[in-house]
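Down below is the structure, laid out as structure tokens.
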Amino acid sequence: MDSSQASTLGTSGSGGNGLLSTQTNDTANATPNDDPKQNLNQVINSIQKTLGLLHQLYLTVSSFNAASQLPLLQRLNSLVTELDNMAKLSEKCNIQVPMEVLNLIDDGKNPDEFTRDVLNGCIAKNQVTKGKTDAFKGLRKHLLEELEQAFPDEVESYREIRASAAAVS
């Protein structure tokens, strides 16, 4: 590992927010054509090509004989070249993956569980917030009813002020 890779590893590891970032600060090599979606597609294509090369390598190794040594070396060289290409392409991508997702994958679970859990948590918080909002609306309505019985003139001027302020906004 050279010093540029070591410095990249030191700065792009796990952040304080539990995200793994693959962003680099190399703006000198950035071109105006660097479209994040295109960069991601290139990385995906490289991953697919690498998987194909690994499959070919597996087939070559599983039926290895003396005559297949040259194809084996060629496939190994192709794999190394493609992995190098993938590493270079991935430097252009700024993808942040939550550590929880990586832990789920390590545990052999579906990463969609993380998404489902986050959405369910958001829905639950939204329901709690909606309940609080409804409770405050009910309190406001009740207070206005009580105030209207005790101070009808003041409540009427309050409603006029609120109506004029809403018309201005």
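The values are calculated or read from the model by the stated rules, or taken from the named source; none is laboratory data. Just so we're clear, the structure is a prediction, and the values are computed from it rather than from any experiment. Neighbour counts are summed over all protein chains in view; Cβ atoms, including those assigned to glycine, are modelled from backbone coordinates with ideal geometry. Side chains are part of the model used for accessible areas, which takes the heavy atoms of the whole protein and leaves out ligands, DNA and RNA. Shrake-Rupley method; radii C 1.70, N 1.55, O 1.52, S 1.80 Å.
Odds and ends about this structure:
- For segment 34-94, the per residue solvent-accessible surface stands at 70 Å², with DNA, RNA and ligands left out and a 1.4 Å probe.
- Between Asn77 and Lys49, full extension at 0.36 nm per residue minus the direct alpha carbon distance yields a gain of 8.7 nm.
- Ligands, DNA and RNA left out, the accessible area of segment 52-169 computed with a 1.4 Å probe is 59% carbon and sulfur.
- Within a straight-line Cα-Cα reach of under 21 Å, Lys49 can be paired with the following lysines, leaving aside sequence neighbours fewer than 8 residues apart in one chain: Lys37, Lys88, Lys92.
- For segment 97-168, the Kirkwood hydrodynamic radius from C-alpha pairs, put into Stokes-Einstein at 4 °C and a viscosity of 1.567 mPa s, yields a diffusion coefficient of 79 µm² per second.
- With Cα atoms as the point set, segment 34-94 shows a radius of gyration and Dmax of 14.1, 46 Å.
- Ser164 versus Val128: modelled label distance in nm, points set 7 Å from Cα along the beta carbon direction: 4.1
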